[in-house]
Amino acid sequence: MKQVNLQDQTVINIQDKLRNMNYLNSVSTGHYGPMTTEAVRQFQADFGLRQMALQDRLLLTNWMK
C-alpha cells in the first residue's frame with residue numbers, strides 16, 4: 001500500500017465527509033490508517049471511481065469546497 005502523506009486537518013476533513021456519508025464508523029483522528037483507506041476504497045467503488053484506496057486530487061478538490 002502506498003504511504004499517504006497529508007496534513008492531519010486534511011485527513012480529518014476527509015474522515016468527517018466519509019463519516020457523514022456512512023462510509024466510516026469511527027472518530028476523525030487525522031491518521032490515514034486502514035479504516036480510512038477502506039472507507040475511501042468503498043466510496044470510490046460505489047461511485048464508479050478507480051479504486052486506489054487513496055484520495056485523488058479531484059476527490060479532494062470537490063470535498064474541500
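The values are calculated or read from the model by the stated rules, or taken from the named source; none is laboratory data. Please read these numbers as outputs of a predicted model, since none were measured by experiment. Glycine gets a Cβ as well: all are built from the backbone with ideal geometry, and neighbour counts include every protein chain shown.
Considering only residues that are touching a Lys or Arg at 6+ places or on another chain (Cβ under 8 Å) and part of a helix (DSSP H, G or I), which ones fall in the range 8-56? Correct list: Gln44 only. The C-beta contact set for the range 42-59 (first residue under 13 Å from Leu18 (Cα atoms) and of a type outside the set (A, V, I, L, M), second residue in a loop (DSSP other than H, G, I, E, B) and modelled with pLDDT of 85 or more, distance under 8 angstrom, 6+ apart or interchain) comprises Gln42/Tyr23; Phe43/Met21; Phe43/Tyr23.
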